[in-house]
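Peer 1: One structure coming up, written as structure tokens, with questions to follow.
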């Protein structure tokens, strides 16, 4: 139990801890440009940012930018965390009022996009799934001592439904007092977008922003090379590369069930809960990567496709013309399939 609780604590939204700023070597001697690397902690995960800047005053500018970035991410955390009981979202969840509840523009934006994605995916992405996430031990209360029984499952399911949530301007409204919203499927991607947008406003044209595996890139890593990322092989024993890709001025998000799970009675229970039956997913699709201009949208869509399963998920991605990469577990290993729009992002060889 202690080891499982430690695993689940890794997904907590934590206070930001700025770690370090690193400046890498010059790659353009004429303009004296360098890669600036920032790293830190947010939403219970590490973040890494790399951007290209001129060498002059780059360290001083980087320290100022990291302070701003930490403040931006701390604000997102204070708005949308379900682990911080005083966050906007937590206060909304604690309220039993059916009157409009005022939130920040950011929270309203993420909820609005989440509702749009719920409609697009016919309810597979449902941010009101919080009661089921908590019931199965993947929320703030961690793992329950016993598996949910039929009565508890039925009660939690009765509290779930995207139709019970509405957003108007900067207000959220519940249709039932017990409604509980969990933005873990879109908020981290939104945090990536917030940082990327800030760097763009700063005039930075070449950057890579990564928070817990969700990414957005712009421009190039250096004058002759795009940013190249690795899709992780979906195994829990060690880290290995499944595919190299270059998202090119896009966001990227990967959903998978191979790191956040628990085992009970010889069965494995994923942290990804299907709102249709209230159970952890049980199909063989183990990883989905989506590339989209918005990391927030990619974040939500990758989870939705994971919920759909290998066949329905692929059909959905193709119908929506999404750039999606799916990995399915088979008896002989892993089988990969990707949509036509994704093909152009695959890096054939690494020099």
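The values are calculated or read from the model by the stated rules, or taken from the named source; none is laboratory data. What you see is a predicted model, and the numbers here were worked out from it, not measured in a lab. FYI the Cβ positions are ideal-geometry reconstructions off the backbone, even for glycines, and counts take in every protein chain you see.
Table: residues versus (1) out of contact with any strand residue (DSSP E or B) (no Cβ under 8 Å at 6 or more places or on another chain); (2) assigned to a strand (DSSP E or B); (3) surrounded by fewer than 22 Cβ atoms within 10 Å (Cβ to Cβ); (4) modelled with pLDDT under 85.
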position	(1), (2), (3), (4)
263	no, yes, yes, yes
276	yes, no, yes, yes
283	yes, no, yes, yes
288	no, yes, no, no
299	no, no, no, no
304	yes, no, no, no
313	no, no, no, no
321	yes, no, yes, no
325	no, yes, no, no
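Peer 1: Provide a single number: the residues in the range 140-172 that are assigned to a helix (DSSP H, G or I), touching a strand residue (DSSP E or B) at 6+ places or on another chain (Cβ under 8 Å) and either modelled with pLDDT under 85 or more than 21 Å from residue 82 (Cα to Cα) (or both). Lay out the reasoning, then the answer.
Peer 2: First pass over the range 140-172, keeping only residues assigned to a helix (DSSP H, G or I): 150-158, 162-164.
Narrowing further to those that are touching a strand residue (DSSP E or B) at 6+ places or on another chain (Cβ under 8 Å): 164.
Next, only the ones that are either modelled with pLDDT under 85 or more than 21 Å from residue 82 (Cα to Cα) (or both) stay: none.
Counting residues in the range 140-172 that are assigned to a helix (DSSP H, G or I), touching a strand residue (DSSP E or B) at 6+ places or on another chain (Cβ under 8 Å) and either modelled with pLDDT under 85 or more than 21 Å from residue 82 (Cα to Cα) (or both) gives 0.
Peer 1: Can you tell me which residue within the range 88-118, out of those that are without any contact (Cβ under 8 Å) to a residue 24 or more places away in the chain and over 14 Å from residue 168 (Cα atoms), is farthest from the chain's Cα centre (by Cα)? Explain how you work it out, then say what you get.
Peer 2: Going through the range 88-118, the residues without any contact (Cβ under 8 Å) to a residue 24 or more places away in the chain turn out to be 88, 90-91, 94, 116.
This time we only want the ones that are over 14 Å from residue 168 (Cα atoms), so: 88, 90-91, 94.
Working: 88: 19, 90: 19, 91: 22, 94: 24 Å.
Per the criteria, the residue is 94.
Peer 1: For the range 237-260: of the residues being surrounded by fewer than 18 Cβ atoms within 10 Å (Cβ to Cβ) and in contact with a strand residue (DSSP E or B) (Cβ under 8 Å, 6 or more places away or on another chain), which is modelled with the highest pLDDT? Please lay out each step first, then the result.
Peer 2: If we filter the range 237-260 for residues that are surrounded by fewer than 18 Cβ atoms within 10 Å (Cβ to Cβ), which is where we start, we get 237-241, 244, 248-249, 258-260.
Checking the rest, the ones that are also in contact with a strand residue (DSSP E or B) (Cβ under 8 Å, 6 or more places away or on another chain) come to 239-241, 244, 248-249, 258, 260.
Details: 239: 65, 240: 68, 241: 77, 244: 90, 248: 93, 249: 97, 258: 47, 260: 48.
The residue in question is 249.
Peer 1: Here are 82, 121, 128, 107: which of them is within 26 Å of residue 192 (Cβ to Cβ) and touching a strand residue (DSSP E or B) at 6+ places or on another chain (Cβ under 6 Å)?
Peer 2: Working: 82 fails: touching a strand residue (DSSP E or B) at 6+ places or on another chain (Cβ under 6 Å); 121 fails: touching a strand residue (DSSP E or B) at 6+ places or on another chain (Cβ under 6 Å); 107 fails: touching a strand residue (DSSP E or B) at 6+ places or on another chain (Cβ under 6 Å).
Only one candidate passes the filter, namely 128.
Peer 1: Here's a follow-up. Could you tell me whether the range 101-115 includes any residue that is at pLDDT below 95 and not in a loop (DSSP other than H, G, I, E, B)?
Peer 2: Checked the range 101-115: no residue is at pLDDT below 95 and not in a loop (DSSP other than H, G, I, E, B).
Peer 1: From 322, 326, grab the single residue that is closer than 13 Å to residue 231 by Cβ and under 21 Å from the mean Cα position of the chain (by Cα). Walk me through it before giving the result.
Peer 2: Values: 322 fails: closer than 13 Å to residue 231 by Cβ.
Residue meeting the stated conditions: 326.
Peer 1: For the range 45-78, how many residues meet the condition of being outside any helix (DSSP H, G or I) and surrounded by fewer than 19 Cβ atoms within 10 Å (Cβ to Cβ)?
Peer 2: Taking the range 45-78 and keeping what is outside any helix (DSSP H, G or I), we get 45-57.
Remaining after also requiring surrounded by fewer than 19 Cβ atoms within 10 Å (Cβ to Cβ): 45-46, 48, 54-57.
Total meeting the criteria: 7.
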